[in-house]
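A.B. asks: Structure incoming, see below.
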Amino acid sequence: MNPTVSKATRTIKVDYLARVEGEGALYIRLRGDRVEDVKLKIFEPPRLFEAFLRGRHFMEAPDITARICGICPVAYQMSAIHAIERALGVTVPGAIRELRRLFYCGEWIESHALHVFLLHAPDFLGYEDAIEMAREHRGLVELGLRLKKIGNHLVAVMGGREIHPVSACVGGFYRAPTRHELLALKPDLEWALEASLQTLRWTATLEYPAFEQDYEFVCLRHPDEYPLNEGRLVSNCGLDIDASEFEDHIIEQHVKHSNALQAVLRQRGSYMVGPLARVNLNFDLLPEPARQAAAECGFSVPCRNPFRSIQARALELIFACHEALRIVEAYEPPAEPRVLATPREGRGAAITEAPRGILYHRYSLAADGRIVAARIVPPTSQNQRRIEDDLRALLPSLAAEPPERLTWRCEQAVRNYDPCISCATHFLRVQIERD
Amino acid sequence: MLVIGVGHPDCGDDAAGCLVARRLRELGLRAIELSGEATTLMNAWEGEQEVIVVDATLTGATPGTIQIWDAAAAPLRRESLRCSTHGMGVAEAVELARALGRLPAHFRIYGIEGRKFEPGQTPSPEVTAAIEEAARRILEESGKCTSQD
């Protein structure tokens, strides 16, 4: 029997999105193959972090904001630290800069490994979840778990503990690791690099839906290195700005169906942040083994298929392991683990690349070092509108599919972005209307 | 025996697991607190023979009810432990470990039924009472397992 597209209205509801961080839902209304409504509903309660920060000393900001997310606390620490250092005019020596990159690599490894193997792979292999998948692909799951553990361990060595690390601070680190401590990581990182190359080769065997969008990719771009902590904010549509100009170009909007604000580019609309954006705009800065493996696997840029984000994550796993090894091998401890930051009145903004995409922080400080105002724009709130746009574009081609398959494909499309709903709901704008 | 208290200490009744772990540490047991992210849990119980996980539940039972699952004996119904805001939580960690042959031989889950999970809240009186009761029962169990050891 040929599938027929009914003209009746169909409503697809996923009341609790599985395999995403935090609490969200999906609501779609179709009439025939026409999409009438798409809402990525984020109902996790708002968490008001920007308000918590007001009145606190700037040295507390990295540890407070790290609490926003258990998966990417390093990103929060890094964006907070860089923004505050810019407000205070602090610059750090090269060894500290390298340690920050190493710290960030640990987070990328653990976050990407979790998503690639445990959250996204089941979509491609046709399993309900990683548990079902593990019964038939034990080696794959074991590989992912070991990669994640290596990332977590790197974060713990650098940050004092795996979750909500405590070592990074404005000016550097409270404690710098010894050369011996970092060299001890080398065998694991060597294994992880090989495992990451294997991961990319495995992603080349997966089947990808033929779906492309004309995205505006937004990410950092640094002249000499694949971006983590520094660079200008660029896009493939001409955006090229310093972090201090972020709020002139990107605005956040409140929508009724979400406790997270939705970010859009002024007068242009939705945009994509994250691994696929970074790989597209920084492919030339990936290390040689990553570029070579990409060529062998037939992956090239521009890549506008969001389902291929899993390949972008695999490429970034290769980068993060390669970069961590480079830093570990060359490491010479800094003379002092941190430079002192003297309080002064000022305003500073910074963007760093969280595993899921750019994370913007901006702080205004009083002369005594207290935080007067804070603004945080996490990656998931930036991708939220783009996810809805993807679904709107994808759905007409799926309208004839049976309901379960349609729902599954939509969920997979959401998971392309590895949304972190806990991060996205850090803030709620309250609007009171009066007669 | 290792006791793992799971939850968020500052989200009302979600603190139940952490508070049981704290109480048991005071009483001399080996007990740790974790947020409930699946891979961290699996790493924590790696190599252990006997594990008790304590977590808040939302099953529709009366708040403060303590339910015990023998996870080593039978698969968990995942809807029983849906309090985690993580992509993969306690139930997923247990079942993934089972699928990979990494589940400790003796594995029980103590679920304490909660009713309020909002950030910044203290646990409800029903759950506060249940925390003490769960700690007492686990202490009793630990006595048994010590004699078996």
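A.B. asks: Show me, for segment B:7-19, the HN-Hα J-couplings you get by feeding each phi into the Karplus relation (A = 6.51, B = -1.76, C = 1.60, θ = phi - 60°), rounded to Hz, glycine and proline as x.
C.D. replies: Couplings: x, 10, x, 10, 10, x, 5, 5, 6, 3, x, 5, 5 Hz.
A.B. asks: Restricting to bridges with both residues inside the protein assembly as shown, how much of the DSSP beta-bridge set is antiparallel, in percent to the nearest 5? Kindly include the intermediate steps, with their values, before the conclusion.
C.D. replies: Numbers: 49 of 68 bridges.
Around 70 percent antiparallel, to the nearest 5.
A.B. asks: Further question on the same structure: Fewest first, what order do A:K13, A:K149 take by the number of other Cβ atoms within 10 Å?
C.D. replies: A:K13, A:K149
A.B. asks: Dividing the Cα convex hull volume of segment B:2-148 by residue count, how many Å³ per residue is that?
C.D. replies: Normalising the Cα hull of segment B:2-148 by residue number yields 97 Å³.
A.B. asks: I've got another one for you. Kindly flag which residue pairs out of A:K41/A:K148; A:K148/A:K186; A:K41/A:K149; A:K41/B:K116; A:K13/A:K256 have an alpha-carbon separation exceeding 26 Å in this structure.
C.D. replies: From the list (A:K41/A:K148; A:K148/A:K186; A:K41/A:K149; A:K41/B:K116; A:K13/A:K256), the Cα-Cα distance tops 26 Å for A:K41/A:K148; A:K41/A:K149.
A.B. asks: Counting only C-alpha contacts under 8 Å and six or more residues apart, can you give the relative contact order of chain A as a whole percent? Write down the numbers at each step before the final one.
C.D. replies: On the way: 881 pairs, mean separation 115.8, N = 435.
Once divided by the residue count of chain A, the mean separation gives 27 percent.
A.B. asks: On to the next question. Would you please give the residues with an amide H less than 5 Å from that of A:L206, counting only those at least 5 places away or on a separate chain, with H modeled from the backbone geometry?
C.D. replies: Distant-sequence amide H within range of A:L206: zero hits.
A.B. asks: Size of the dipole of chain A about the Cα centre, Lys and Arg at +1 and Asp and Glu at -1 on the beta carbon, nothing else charged, in debye to 20?
C.D. replies: 820
A.B. asks: Further question on the same structure: Give me A:Y363, A:Y27, A:Y104, A:Y331 ranked fewest to most by other Cβ atoms within 10 Å of their Cβ, as a rough exposure proxy.
C.D. replies: A:Y27, A:Y331, A:Y363, A:Y104
A.B. asks: Still on this structure, I have one more. Around A:C420, which amide H atoms from residues at least 5 apart in sequence, or from another chain, sit under 5 Å from its own amide H, with H modelled in the peptide plane?
C.D. replies: A:T380
A.B. asks: Once whole DSSP H runs in chain A are found, which of them have Cα atoms spread over 27 Å or more along the helix axis and a mean Kyte-Doolittle score of at least 0.0?
C.D. replies: A:138-159, A:309-330
A.B. asks: For Cα pairs less than 8 Å apart in space and 6+ apart in sequence, what is the mean separation divided by the residue count of segment A:234-313, i.e. the relative contact order in percent?
C.D. replies: Over segment A:234-313, the number comes to 22 percent.
A.B. asks: Provide A:V38, A:V74 in ascending order of the number of other Cβ atoms located within 10 Å of each residue's Cβ, fewest first.
C.D. replies: A:V38, A:V74
A.B. asks: Could you give the alpha-carbon Rg of segment A:85-132 over 2.2 N^0.38 Å, rounded to two decimals?
C.D. replies: Working it through for segment A:85-132, the quotient is 1.88.
A.B. asks: Which of A:M133, A:V264, A:Y208 sits farthest toward the positive end of the charge dipole of segment A:49-424, with +1 on the Cβ of Lys and Arg and -1 on the Cβ of Asp and Glu?
C.D. replies: Among A:M133, A:V264, A:Y208, the one farthest towards the positive end of the dipole of segment A:49-424 is A:V264.
A.B. asks: Next question. What fraction, in whole percent, of alpha-carbon pairs in chain A exceed 29 Å separation?
C.D. replies: Roughly 44 percent, once rounded to a whole number.
Taken together, the values in this text are just the output of simple stated rules run on the coordinates, not laboratory data. Treat the numbers as computed from the prediction; the structure is a model and nothing was measured. Glycine gets a Cβ as well: all are built from the backbone with ideal geometry, and neighbour counts include every protein chain shown.
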